[in-house]
1. From A:Arg121, A:Arg179, A:Arg149, which residue is more than 16 Å from ligand 2 (Cβ to nearest atom), among the basic types (Lys, Arg), part of a helix (DSSP H, G or I) and within 14 Å of another protein chain (Cβ to nearest Cβ)?
2. Return yes when A:Gln90 is within 16 Å of ligand 1 (Cβ to nearest atom) and open to solvent by 50 Å² or more (accessible area, probe 1.4 Å) and no when it is not.
3. In segment B:279-294, which residues are surrounded by fewer than 24 Cβ atoms within 10 Å (Cβ to Cβ) and of a type outside the set (Asp, Glu)?
4. Would you check if there is a residue in segment A:90-108 being more than 14 Å from every other protein chain (Cβ to nearest Cβ) and either assigned to a loop (DSSP other than H, G, I, E, B) or closer than 30 Å to B:Asp206 by Cβ (or both)?
5. Go over the candidates B:Ala49, B:Ala86 one by one and state the one that is closer than 21 Å to B:Gly164 by Cβ and either in the same structural domain as B:Thr294 (by TED's automatic domain parsing) or part of a helix (DSSP H, G or I) (or both).
6. Assuming B:Arg207 fulfils every condition listed in (1) open to solvent by less than 60 Å² (accessible area, probe 1.4 Å); (2) on the phi > 0 side of the Ramachandran plot apart from one, which condition is it?
7. Which residues, taken from segment B:477-503, are in a loop (DSSP other than H, G, I, E, B) and crowded, with 22+ Cβ neighbours inside 10 Å?
8. Which residues, counting only those in segment B:107-137, are under 25 Å from B:Arg198 (Cα atoms) and more than 7 Å from every other protein chain (Cβ to nearest Cβ)?
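The values are calculated or read from the model by the stated rules, or taken from the named source; none is laboratory data. No experiment lies behind these values; they were computed from the predicted model shown. Neighbour counts run over all protein chains shown; Cβ positions are idealised from the backbone, glycine included. Only protein heavy atoms, including side chains, enter the accessible area calculation; ligands, DNA and RNA are left aside. Shrake-Rupley method; radii C 1.70, N 1.55, O 1.52, S 1.80 Å.
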Amino acid sequence: MIDPAAPVLDIRSVGKTYPGGVEAVREVSLTLERGQLLALTGESGCGKTTLLKLINRLEDASGGLILYEGEDVASLDPVQLRRRIGWVMQGDGLFPHLTVLENVAIIPRLLDWNPERTRSRVADLLDMVGLPSAEYAERYPVELSGGQRQRVGFARALAGEPDLILMDEPFSALDPITRDGLQQEFRALQADLGFSAVMVTHDMAEALIMADQIAVMQDGAILQQGTPVELLQSPASDYVSGLLETPRRQMRAIRELGA
Amino acid sequence: MNANLAERLAELPHLLSAHVILSMAALGCGIAVSVPLGILAAQRPGLSAVTLNIASVIQTIPGLALLALMVPLLGGMIGFWPAFLALLLYSLLPILRNTIVGLQGIEPQIREAARGIGMTRGQSLRQVELPLALPVIVAGLRTATVWVVGAATLATPVGAASLGNYIFAGLQTRNWLSVIFGCLFAAGLAIVLDQAIRWLEVAARDRRRGLAIGVGVFLALLITVSVMPRFVTFQGETANLSRVEASAAPGIAGETVVVGAKSYTEQYILASLMQRQLEAAGARVERLDNLGSTIAFDAVRTGEIDVYVDFTGTIWATVMNRPEPIERHRMFTEMSAWLWEEHGIMTLGRLGYENAYGFAMRRDRAAELEADSLDDLAPIADELEIGGDPEVFARAEWTATRDAYGLGAMRTRTMDATFMYTAVRDRQVDLITAYTTDGRIAAFDLAVLDDPLSVLPPYDAIILLSPQAAQRPGLADALAPLIGAIDEMMMREANRQVDMDGQTPAQAAAWLDAGISE
Ligand SMILES: Nc1ncnc2c1ncn2[C@@H]1O[C@H](COP(=O)(O)OP(=O)(O)OP(=O)(O)O)[C@@H](O)[C@H]1O
Ligand SMILES: [Mg+2]
């Protein structure tokens with residue numbers, strides 16, 4: 001039924017005006033190919049989170065069309081839609097009163113999987129994110145480090161076998177070393193499982209390292225979308241070059257030290 | 001064992017079980033109302049402000065007043081329902097407030113996470129928000145439990161049995177053991193229920209099914225044990241009664257008669273005396289003691305009690321609202337006719353003694369002030385302080401007396417009737433509004449001042465039968481021997497036995513009964 005060649009996500013001229021008149025997203029068009037990671041970047045308040053929420057209908061678009069696996073999301077039941085799309089938020093958004101196991105098992109339970117399938121899926125995922133069940137399953141979120149919590153957050157988002165996961169600054173609360181490790185692990189996980197992802201990030205370096213595609217936003221609109229190499233070689237505007245300047249300067253500084 | 005202690009212990013199953021049923025019913029319904037209301041209100045700031053304001057206003061009404069107000073609001077109904085309703089209202093605020101605060105205190109991030117992963121509103125509420133708010137909600141529930149169990153002791157004056165019966169009756173008859181009994185058991189019950197809820201919370205939090213079942217079984221047992229005595233005594237007495245019915249003459253044998261009493265010694269004694277007469281005729285007697293003064297009249301009017309003793313002057317002034325007193329025998333006749341025509345209440349007759357309000361003073365103080373009559377007090381009224389029970393200064397008798405004798409400058413001090421007599425004896429007040437049959441007037445050598453203008457109305461003690469009871473001739477027959485049988489001397493002595501000698505009202509009633517039968 002799903003055409004493997006078709007884009008997972010196809011966003012066409014989508015806009016969002018909040019009640020009160022803030023135009024957070026304007027005329028955005030994007031596509032996300034299967035298995036790819038799209039980074040949304042831009043300065044604070046430019047509409048990244050809003051765009052993400054339009055995809056799983058935490059907010060409803062004011063205009064335009066969003067196709068997920070070829071279906072218009074506006075025609076789908078929002079609750080069912082969200083269960084088919086993973087959701088990772090800044091911080092981790094784990095439920096503090098549930099154990100690691102219960103946090104991860106939540107979506108399979110919402111999807112009414114049989115207990116056997118849920119159990120094996122949860123165990124597999126915890127292994128994959130580096131938190132073996134035997135040691136971590138019964139712990140509560142407060143008993144984990146920030147990095148471990150974020151891993152549980154990924155496992156929870158992936159538990160329902162979604163084709164797409166949406167992430168809002170998933171690494172921003174972590175220290176640089178933990179962040180670097182998790183970024184690599186996430187890419188490996190994605191290569192393994194083959195899901196697609198949209199990731200909001202403030203950090204251009206993170207976008208350059210991780211993403212297949214980068215979309216730069218300003219004032220609710222997309223300034224440029226392309227691969228990291230395309231962006232580095234031909235930034236569409238001074239604004240985009242400005243954003244790329246920070247990681248470039250850091251790279252130069254490090255290279256000079258090494259020489 | 002001490003007789004007083006034995007009698008208190010004998011009352012315990014009935015009063016404790018009534019208290020448990022009343023407070024648990026109020027709390028259970030309080031939870032059923034305020035948790036859903038709190039959930040609704042937590043999502044709507046307007047609604048939460050309105051409901052919290054209403055609940056706070058209810059909370060500021062003193063418990064006793066709230067309970068008393070339920071009686072007229074329910075059209076004069078007394079007993080379980082007004083008490084239940086007032087306590088239910090009383091339990092709302094803490095549970096409601098904590099439900100709202102608990103839910104609103106959840107981080108928006110968590111709520112958004114629940115929505116983002118595909119929970120419906122209901123799933124988010126049940127699986128995430130309520131469990132997270134549970135400790136706060138339970139804290140409110142525990143506050144409500146302690147309040148309601150405590151306030152349930154105030155159910156006594158509206159005619160609902162509770163551990164408050166110990167406290168009210170003990171206070172009136174200076175039976176401190178009884179007061180302590182009521183306080184201890186009420187406090188104990190509050191602690192037990194509070195801890196039971198705490199353990200339920202622990203069980204829910206740590207998901208300890210065994211613990212939850214344990215506490216659940218305990219609470220279920222508590223309720224069962226509370227409900228059972230009623231059932232068992234009921235059956236037992238039915239069996240008893242059928243035996244009586246077989247032997248006794250037709251009349252009220254085997255029937256239930258509810259005898260009411262206001263909350264002071266004389267009323268307990270007279271209620272016990274009527275109980276003896278009715279039981280001798282084979283009736284099964286239920287007692288509703290400690291009714292507020294006007295609540296007792298309401299109760300006989302609506303038939304919630306069958307019979308009680310009141311006074312002509314009280315009915316005249318507070319029920320018929322007639323400002324000026326008239327001659328004693330005319331008052332009795334007019335009042336009887338009025339009660340019969342207006343309410344169908346039968347005035348069975350006068351017991352024989354008069355128990356008027358009188359103004360009593362230490363004899364030496366009266367001599368010092370050269371006061372024999374109320375007339376003598378006017379010139380020095382601004383130097384005097386008068387003590388009275390909570391009711392008297394609001395009554396027409398006091399205002400009439402005050403105005404007739406020019407006593408407006410006198411300072412008034414309200415206290416419980418039990419404490420008035422010692423207060424005047426110990427010179428804490430100069431004079432009191434005494435009841436002329438009180439045993440302590442003689443015991444403390446108090447002088448009762450003359451009323452030369454006859455402002456104070458006559459107070460003949462009368463037996464009143466509810467409209468329903470008036471249709472049961474056997475009932476009037478059983479009580480008829482009491483008519484004209486008790487004079488002031490006898491009544492004063494019976495009161496004295498209880499107030500001074502520490503006898504129980506039942507013992508004093510037995511003494512009176514013996515005097516009557518002679
Ligand atoms: N629920 C809302 N109601 C009204 N305005 C909103 C709402 N949420 C966001 N906005 C506004 O929409 C604009 C875009 O907000 P958004 O959260 O999408 O930005 P962002 O790019 O994610 O910023 P940041 O990087 O700081 O997270 C902002 O001007 C914000 O104030
Ligand atoms: Mg954002």
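1. Residue meeting the stated conditions: A:Arg149.
2. yes
3. B:Ala280, B:Ala281, B:Gly282, B:Arg284, B:Val285, B:Arg287, B:Gly292, B:Ser293, B:Thr294 - these are the residues of segment B:279-294 that are surrounded by fewer than 24 Cβ atoms within 10 Å (Cβ to Cβ) and of a type outside the set (Asp, Glu).
4. Yes, because at least one residue in segment A:90-108 is more than 14 Å from every other protein chain (Cβ to nearest Cβ) and either assigned to a loop (DSSP other than H, G, I, E, B) or closer than 30 Å to B:Asp206 by Cβ (or both).
5. B:Ala86
6. In the conditions (1) open to solvent by less than 60 Å² (accessible area, probe 1.4 Å); (2) on the phi > 0 side of the Ramachandran plot, B:Arg207 misses (1) alone.
7. Within segment B:477-503, just B:Ile486 meets the criteria.
8. If the condition is that a residue be under 25 Å from B:Arg198 (Cα atoms) and more than 7 Å from every other protein chain (Cβ to nearest Cβ), then B:Glu107, B:Ser124, B:Leu125, B:Arg126, B:Gln127, B:Glu129, B:Leu130, B:Ala133, B:Leu134, B:Pro135, B:Val136, B:Ile137 are the ones that fit.
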